[in-house]
1. Select from the stretch 53-67 the residues that are more than 21 Å from LYS15 (Cβ to Cβ) and of a type outside the set (Asp, Glu) and write down the one among them that is surrounded by the fewest Cβ atoms within 10 Å (Cβ to Cβ).
2. Can you tell which of GLY46, GLY42, GLY11, GLY38 is surrounded by 16 or more Cβ atoms within 10 Å (Cβ to Cβ) and more than 16 Å from SER63 (Cα to Cα)?
3. Cβ-Cβ under 8 Å, sequence separation 6+ or interchain: first residue in the stretch 12-31 and without any contact (Cβ under 8 Å) to a residue 60 or more places away in the chain, partner in a helix (DSSP H, G or I) and surrounded by fewer than 16 Cβ atoms within 10 Å (Cβ to Cβ). Which pairs?
4. Scan (1) over 16 Å from TYR122 (Cα atoms); (2) within 15 Å of the chain's Cα centre (by Cα) for the single condition HIS60 breaks and write down its number.
5. In the stretch 1-45, which residue that is assigned to a loop (DSSP other than H, G, I, E, B) and among the hydrophobic types (A, V, I, L, M, F, W, C) is farthest from the chain's Cα centre (by Cα)?
6. Out of the residues in the stretch 66-104 that are of a type in the set (D, E, K, R) and assigned to a helix (DSSP H, G or I), state the one that is farthest from ILE24 (Cα to Cα).
7. For residues in the stretch 72-124 being of a type in the set (Val, Ile, Thr) and surrounded by fewer than 18 Cβ atoms within 10 Å (Cβ to Cβ), which is farthest from LEU53 (Cα to Cα)?
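Values quoted throughout were computed directly from the atomic coordinates according to the rules given, and no laboratory measurement underlies them. Note that the structure is a prediction, hence the values are computed from the model and not measured. Virtual Cβ from ideal backbone geometry, glycine too; neighbours counted across all protein chains shown.
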Amino acid sequence: MVAQWTTLVLGASTKPERYAYKAITQLRAKNYPVVAVGAKTGTVAGVEFKTSLEQLPPIHTVSMYLSPARQEMYYDKIIALQPQRVLFNPGTENPAFAQRLQNEGIAVENACNLVLLATNQYET
């Protein structure tokens, strides 16, 4: 396990065609610890979803799978988690929130989690 790289997949889904589902399965396939939060509970690759950001373990990376409008309710809670970085996957880019994160000392990347994993760049 790569414990220091615990990843929160925000916008988790049990639908195999969703990129959040694919991210969970790929992260687990590479032995990364995953915490998943979605609108509903569910399980993917042995990871049970939560429906809130309460009582989470320390998070290294937040991988965003929510549209900018749906991210707003999580701003303060994500900042309170103090992750090392937030990945804005394609379609989730949010310049205003990204600036706020950077002001809090949290790194921001507009990058695809799946591509980073496939090209062995997830930890760079």
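1. Ranking the candidates gives GLN55 first.
2. Numbers: GLY46 fails: surrounded by 16 or more Cβ atoms within 10 Å (Cβ to Cβ); GLY11 fails: more than 16 Å from SER63 (Cα to Cα); GLY38 fails: more than 16 Å from SER63 (Cα to Cα).
Testing whether each residue is surrounded by 16 or more Cβ atoms within 10 Å (Cβ to Cβ) and more than 16 Å from SER63 (Cα to Cα) leaves just GLY42.
3. The qualifying pairs do not exist here.
4. (1)
5. Filtering the stretch 1-45 for residues that are assigned to a loop (DSSP other than H, G, I, E, B) and among the hydrophobic types (A, V, I, L, M, F, W, C), the one farthest from the chain's Cα centre (by Cα) comes out as MET1.
6. Our first condition is that a residue be of a type in the set (D, E, K, R); within the stretch 66-104, this holds for 70, 72, 76-77, 85, 93, 100, 104.
Among the residues that remain, those that are also assigned to a helix (DSSP H, G or I) are: 70, 72, 76-77, 100.
Working: ARG70: 20, GLU72: 22, ASP76: 24, LYS77: 21, ARG100: 26 Å.
In this case the residue turns out to be ARG100.
7. THR119
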